[in-house]
Amino acid sequence: MDAGRLQALFGLEGKRAVVTGGSRGIGYMIADGLLDAGADVIISARKEAQVAEAVEALSAKGNIEGIPADLSTDEGLEHLSAEVAQRWDRLDILCNNAGASWGEPIESFSPGGWDKVMNVNVRGVFFLTQKLLPLLRAGASAEDPSRIINTGSVNGLTPPGMDTFSYSSSKAAVHMLTRHLGKELASDHITVNAIAPGPFDSNMMAFALNDPNSRAAIASGVPMGRIGMPDDMAGVAIYLASAAGAYVTGAVVPVGGGLSTITE
């Protein structure tokens, strides 16, 4: 396959993307990949300093801005969507990646821990999508649809071995929401897909992966025998955002080295 064909399939020049939770971890990997493919990117996260650091680190790769926002609140959702609309008259790619987790034994699991996770992981995904729909519709066509890419989890496909009840439930909800929105928005020329990551180096997994023994144990439980690398995540995001993925919608793509195949 020649270089021109590859560029036509996977290039994102002229595309505009928003990546929530883009200051670190999986969101940072996605933003990094989209920039390398040629997209203009806005990242968002709750902490202003982390957003600024990520923008500085990625700015040599292309056009990137940061908009701090707390997507667990209506005010944060409104702020981010209004700021995006002020900058752009269309949005080609929305990556709903911002997420939260909570671990606690079932006997003491708190309502606050449940609500925090659901507000970010499910409510935030739905209502940010709702608020940005006019921009997503503005540039969409049958030949070149706009894209929504949600971050789910392999823990939403198979029950994890940790006391993260609200997290696994929220990610299963993200997967169903992805399929439902995929059906609903197909006529608007908007594809909706989800990535279901396994273990990657992220703040959410730092408690386990920063310890060498724990890291080795987790890797040994993955059929492919390793932790996910940044290009594993960037490649899937580029595929779903590019011409190569234009006819894919309602899909949940496991990116976990085979973890989704383990049922026990």
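ALA217 passes every criterion in (1) at pLDDT below 95; (2) of a type in the set (A, V, I, L, M, F, W, C); (3) not in a helix (DSSP H, G or I) apart from (3).
Summed over the stretch 170-208, the residues that are under 20 Å from ALA234 (Cα atoms) and in contact with a Pro (Cβ under 9 Å, 6 or more places away or on another chain) give a count of 8. Would you be able to say whether some residue in the stretch 179-190 is of a type in the set (Ser, Thr, Tyr), out of contact with any Lys or Arg (no Cβ under 9 Å at 6 or more places or on another chain) and buried (at least 23 other Cβ atoms within 10 Å of the Cβ)? No.
The set of residues in the stretch 204-223 that are under 19 Å from the mean Cα position of the chain (by Cα) and surrounded by fewer than 16 Cβ atoms within 10 Å (Cβ to Cβ) contains only ALA206.
Total residues in the stretch 115-144 satisfying the condition of being surrounded by fewer than 23 Cβ atoms within 10 Å (Cβ to Cβ), under 18 Å from VAL248 (Cβ atoms) and not polar (S, T, N, Q): the figure is 4. If you go through the stretch 149-170 and pick out every residue that is in contact with a strand residue (DSSP E or B) (Cβ under 9 Å, 6 or more places away or on another chain) and within 18 Å of GLY258 (Cβ to Cβ), you end up with 6. Scanning the stretch 68-102 for residues that are in contact (Cβ under 8 Å) with a residue 12 or more places away in the chain, among the small types (Gly, Ala, Ser), out of contact with any Phe, Trp or Tyr (no Cβ under 8 Å at 6 or more places or on another chain) and farther than 18 Å from GLN50 by Cα returns SER81, ALA85.
Conditions (1) basic (Lys, Arg); (2) at pLDDT below 95; (3) touching a strand residue (DSSP E or B) at 6+ places or on another chain (Cβ under 9 Å), marked per residue:
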| site | (1), (2), (3) |
| --- | --- |
| ALA98 | no, no, yes |
| VAL120 | no, no, no |
| THR129 | no, no, yes |
| LEU132 | no, no, yes |
| ASP144 | no, no, no |
| ARG147 | yes, no, yes |
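Scanning the stretch 4-30 for residues that are crowded, with 17+ Cβ neighbours inside 10 Å and of a type in the set (S, T, N, Q), we see that the one that is nearest to GLU53 (Cα to Cα) is SER23. Being among the aromatic types (Phe, Trp, Tyr), within 22 Å of ILE30 (Cβ to Cβ) and touching a residue at least 40 places away in the same chain (Cβ under 8 Å) is a description that does not apply to PHE165. Total residues in the stretch 223-232 satisfying the condition of being within 17 Å of ALA206 (Cα to Cα) and in a loop (DSSP other than H, G, I, E, B): the figure is 3. Restricting attention to the stretch 249-264, the residues being modelled with pLDDT of 95 or more and out of contact with any strand residue (DSSP E or B) (no Cβ under 6 Å at 6 or more places or on another chain) number 1. Which ones in the stretch 1-56 are aliphatic (A, V, I, L, M), modelled with pLDDT of 95 or more, more than 13 Å from the chain's Cα centre (by Cα) and assigned to a loop (DSSP other than H, G, I, E, B)? Selection gives LEU12, ALA37, ALA39. It is to be established whether one or more residues within the stretch 160-182 are within 15 Å of the chain's Cα centre (by Cα), within 17 Å of VAL19 (Cβ to Cβ) and either modelled with pLDDT under 95 or in a strand (DSSP E or B) (or both). The answer is no, given that none of the residues of the stretch 160-182 is within 15 Å of the chain's Cα centre (by Cα), within 17 Å of VAL19 (Cβ to Cβ) and either modelled with pLDDT under 95 or in a strand (DSSP E or B) (or both).
A search for C-beta distances below 9 Å between a residue of the stretch 225-242 that is over 15 Å from ILE148 (Cβ atoms) and any residue that is charged (D, E, K, R) and assigned to a loop (DSSP other than H, G, I, E, B), counting only pairs 6+ apart in sequence or on different chains, returns ILE227/ASP201; GLY228/ASP201; MET229/ASP201; PRO230/ASP201.
Just one of the numbered conditions (1) without any contact (Cβ under 8 Å) to a residue 12 or more places away in the chain; (2) under 14 Å from GLY103 (Cβ atoms); (3) not small (Gly, Ala, Ser) is not true of HIS180: (2).
The values are calculated or read from the model by the stated rules, or taken from the named source; none is laboratory data. Keep in mind that what you see is a predicted model, and the values were worked out from it rather than measured. Heads up, the Cβs are rebuilt from the backbone with ideal geometry, glycines too, and the neighbour counts pull from every protein chain shown.
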